[in-house]
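Engineer: After the structure tokens below, expect a handful of questions from me.
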Amino acid sequence: MTHGAKVWVALWAVYIIWGSTYLGIELAGETIPPLFAVAWRFLVAGALMAGWVAWRRGFSALRVSRAELGSAALIGVLLPGANALLFVAEQEVPIGLASLVIASVPLLVVALRYAGGERPTRGSLVGVAIGFVGIAVLVRPGGGASAIGLVLVVGSAIAWAVGSYLSGRLPMPQDAFAATALEMLVGGLVLLPLGVLTTDFEPAEWSTRSVLGWWYLVLFGSLVGYTAYVWLLQNAPISKVATYAYVNPVVAIALGAVVLHEEITWRIALGAAIVLASVAVVVRRESVPAEAEAAPAGAGRVSDSP
């Protein structure tokens, strides 16, 4: 297989796997208490990834400084915490709509950069403003979504954006897989007490498709998808890798319509068009500055998936 073919295989793996994690979350949360499910998802996935890092690169790859451990712990609270909010929200919000709100994370990151004193391009700021109009169109109760569910999805997107923003500005472990393993383990440990307190432990009531959905999130969403993503950062232009930000919602919307029979209303279609177009503009402008074509692929970090 040529290098170009490998890039497209990995890219489509990220498209399909991360786009389908919204469905996995919905299925897992049907009968497994959401906070319990998300806590154990990250504990198991983090342990498996840490084991993989130790096996392939030695235990030394998992040794980090106190500052790096603190940073990974903070990001571990924010990103898995965002996923926990999404787990709860998807009990009240269709997955297609949830995926579109989460797709606004690159817009929120640009807004945070601007608030932090950076000066993104004018085109990026215009794209952010237009994208927020799309979010306003989407975030209205109705169409199967409750007000509290929409608030939780927006909170999830904000937590993801803050975690993604800080991850590029804090001292993080040099090994991306070690950093992710630590983030998932910390996030899982923080969420576990909440999961236990909010759970009536009745495994007999968990459906087969909920259990399969949970394992899909662990093995494919957290491990296979992320491995493909990191490989892409090292082997493909960031402008191409970043396209997952606006392809994943399309996959989620399609799966919601086909598997869960979710209705695609005119409001969702309009909001989707506005948000995805603005994300495409912002991702393109932010990931390919004038000098980027000559920069090594993976020099920047794009926000994590659900």
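The values are calculated or read from the model by the stated rules, or taken from the named source; none is laboratory data. Since we're looking at a predicted model, the values are computed, not measured. A quick note on method: Cβ atoms are made from the backbone with ideal geometry, for glycine too, and the neighbour counts reach across all protein chains shown. Heavy atoms of the whole protein, side chains included, go into the accessibility calculation; ligands, DNA and RNA do not. Shrake-Rupley method; radii C 1.70, N 1.55, O 1.52, S 1.80 Å.
Engineer: Among (1) exposed (fewer than 14 other Cβ atoms within 10 Å of the Cβ); (2) within 29 Å of residue 207 (Cβ to Cβ), which single condition is residue 59 missing?
Structural biologist: Of (1) exposed (fewer than 14 other Cβ atoms within 10 Å of the Cβ); (2) within 29 Å of residue 207 (Cβ to Cβ), only one is false for residue 59: (2).
Engineer: Within region 70-80, is there a residue that is within 25 Å of residue 264 (Cβ to Cβ) and of a type outside the set (S, T, N, Q)?
Structural biologist: For region 70-80, residues within 25 Å of residue 264 (Cβ to Cβ) and of a type outside the set (S, T, N, Q): absent.
Engineer: For the subset of region 12-33 comprising residues that are touching an Asp or Glu at 6+ places or on another chain (Cβ under 8 Å) and part of a helix (DSSP H, G or I), which member is surrounded by the fewest Cβ atoms within 10 Å (Cβ to Cβ)?
Structural biologist: Across region 12-33, the extreme among qualifying residues is 31.
Engineer: Report, ordered by the first and then the second residue, all pairs with beta carbons closer than 8 Å, sequence separation of six or more or different chains, a first member in region 252-265 that is closer than 11 Å to residue 19 by Cα, and a second member that is modelled with pLDDT under 90 and surrounded by 15 or more Cβ atoms within 10 Å (Cβ to Cβ).
Structural biologist: 253/264; 253/268
Engineer: Turning to a different aspect of this structure: If I filter region 165-203 down to residues being in contact (Cβ under 8 Å) with a residue 60 or more places away in the chain and of a type in the set (S, T, N, Q), which single residue comes out as surrounded by the fewest Cβ atoms within 10 Å (Cβ to Cβ)?
Structural biologist: Checked region 165-203; the qualifying residue surrounded by the fewest Cβ atoms within 10 Å (Cβ to Cβ) is 198.
Engineer: Condition first: open to solvent by 30 Å² or more (accessible area, probe 1.4 Å) and touching a Ser or Thr at 6+ places or on another chain (Cβ under 8 Å). Now tell me which residues in region 238-250 satisfy that.
Structural biologist: Matches in region 238-250: 238 only.
Engineer: Would you point out which residue out of 45, 67 is crowded, with 22+ Cβ neighbours inside 10 Å, of a type in the set (A, V, I, L, M, F, W, C) and under 21 Å from residue 167 (Cα atoms)?
Structural biologist: Just a single option satisfies the conditions, and that option is 45.
Engineer: Quick test of your reading of the structure: residue 111 fulfils all but one of (1) at pLDDT 90 or above; (2) of a type outside the set (Lys, Arg); (3) open to solvent by 50 Å² or more (accessible area, probe 1.4 Å). Name the failing condition by number.
Structural biologist: Single failed check for residue 111: (3).
Engineer: OK, next. For region 136-165, give me each residue that is over 13 Å from residue 95 (Cα atoms) and of a type in the set (Val, Ile, Thr).
Structural biologist: Passing the criteria: 137, 139, 148, 151, 154, 158, 162.
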